[in-house]
Amino acid sequence: MSDTILRVSDLHVSFAGREKDFDAVRGVSFELKRGETLGIVGESGSGKSVTARSIMRLLPSPPSYIKQGKIEFQGQDLSLKTEKEMESIRGKEIGMIFQDPMTSLNPTIRSENKLPKVS
Ligand SMILES: Nc1ncnc2c1ncn2[C@@H]1O[C@H](COP(=O)(O)OP(=O)(O)O)[C@@H](O)[C@H]1O
Ligand SMILES: [Mg+2]
């Protein structure tokens, strides 16, 4: 089995607009292997949050849509998942810590107790 957990290939995400669509993410590709940590750095508005929310399918659609590209998680194309399947993936397999960590994390719980063990 491949040890690639997440593969994002040529991802383009746009927002439908009245006059014309806004292309927020234009051709992002990266790969994440088991045990790796990846930081995505860029100026404000460069599309980091839209990329992350697209993976989690947490962008309102409409107006957002994946114009091009593929998101594969553990070899499975996430765009083919139903919303119910995505809810299960979001609950058990992929977590998101939002920008204000005090609303996402409980400071009294240590991380090793909170995060599921990767076997
Ligand atoms: N719901 C939305 N509708 C229209 N444009 C959006 C929406 N969310 C984000 N954008 C635009 O997409 C671009 C990328 O935003 P974002 O991913 O939040 O940037 P970053 O997280 O890198 O600061 C920005 O130009 C932003 O204005
Ligand atoms: Mg952001």
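For the chain, the dipole from Cβ point charges (+1 on Lys and Arg, -1 on Asp and Glu) about the Cα centre works out to 200 debye, to the nearest 20. Descending by average beta-carbon neighbour count within 10 Å, the peptides 18-28, 38-48, 55-65 line up as 55-65, 18-28, 38-48, the highest first.
So which residue, out of Thr51, Thr37, Thr108, gets the largest mean-square fluctuation from a GNM of the chain using Cα contacts under 10 Å as springs? Judging by the Gaussian network model, the answer is Thr108.
For the chain, the number of Lys pairs with C-alpha atoms closer than 22 Å, counting only pairs eight or more positions apart or on separate chains, is 18. Farthest toward the positive end of the dipole of the chain, out of Leu32, Ser14, Met102, is the Cα of Met102, where the dipole comes from beta carbon charges about the Cα centre.
Computed from the Cβ-Cβ distance with R0 of 41 Å, the FRET efficiency linking Arg26 to Thr103 stands at 0.85. Taking every DSSP helix (H) stretch of at least 4 residues in the chain, weighting each as -39,500 (n - 2.57) and dividing the sum by the residue count yields a mean residue ellipticity at 222 nm of -5500 deg cm²/dmol.
None of the figures in this text is laboratory data; all of them are computed from the coordinates on show. Remember, predicted model here, so these are calculated numbers, not experimental data. Counting neighbours? That spans all protein chains shown, and the Cβs are built from the backbone with ideal geometry, glycine included.
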